[in-house]
Amino acid sequence: QVQLVESGGGLVQPGGSLRLSCAASGIIFNIYTMGWYRQAPGKQRELVATITSGGTTNCADSVKGRFTISRDNAKNTVYLQMSSLKPEDTAVYYCNANHWGNGYWGQGTQVTVSS
């Protein structure tokens, strides 16, 4: 049974930082491309950042220079370090694991950026 469990969300003030974690089980983690997506109220789910099995990263223009994705294959965990957070970053953040079209999602973690 595949499980992706996100943690680290919460309420943060504008300009603050958070680190999200996603612990995976039930998959051969180190062959999967891992990603973070987010969905704000009334909007479609959008890509935030991805990291391949080889460590190549990609991120949305809206978060470049502020968010960093990384992975620890020994811990079967992917991270999203978020800094200089803005109110428009408020969303539910979802972890994704993908390998040749076989994709899995976590349950999501809420990030709220507000003063």
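The values are calculated or read from the model by the stated rules, or taken from the named source; none is laboratory data. Note that the structure is a prediction, hence the values are computed from the model and not measured. Here the Cβ positions follow ideal geometry from the backbone for every residue, glycine too, while neighbour counts run over all protein chains shown. Remember, those area values only see protein heavy atoms, side chains included, never the ligands or the DNA or RNA. Shrake-Rupley method; radii C 1.70, N 1.55, O 1.52, S 1.80 Å.
A few remarks follow.
- Each Lys and Arg adds +1 at its Cβ and each Asp and Glu adds -1 at its Cβ; summed about the Cα centre, the chain shows a dipole of about 60 debye.
- Gyration tensor verdict on segment 49-115 (Cα atoms; rounded if a/c is under 1.5, prolate if a/b is larger than b/c, oblate otherwise): prolate
- Long-range Cα-Cα pairs in the chain (distance over 25 Å), rounded percent: 16
- Gain in span if fully extended, S115 to R45, counting 0.36 nm per residue against the direct Cα distance: 22.8 nm
- The calculated FRET efficiency for S62 paired with H99, based on their beta-carbon distance and R0 = 30 Å, is about 0.70.
- Debye, to nearest 20: dipole size of segment 49-115, +1 on Lys, Arg Cβ, -1 on Asp, Glu Cβ: 120
- With all protein chains in place and ligands, DNA and RNA left out, the 1.4 Å accessible area ranks E46, E6, E88 as E88, E46, E6, largest first.
- Computed label-point distance, nm, for sites Q107 and L11 using a 7 Å Cα→Cβ extension: 2.2
- Segment 82-109-segment 1-78 distance, computed between alpha-carbon centres (Å): 5
- Heavy-atom accessible area order for D72, D61, largest first, 1.4 Å probe: D61, D72
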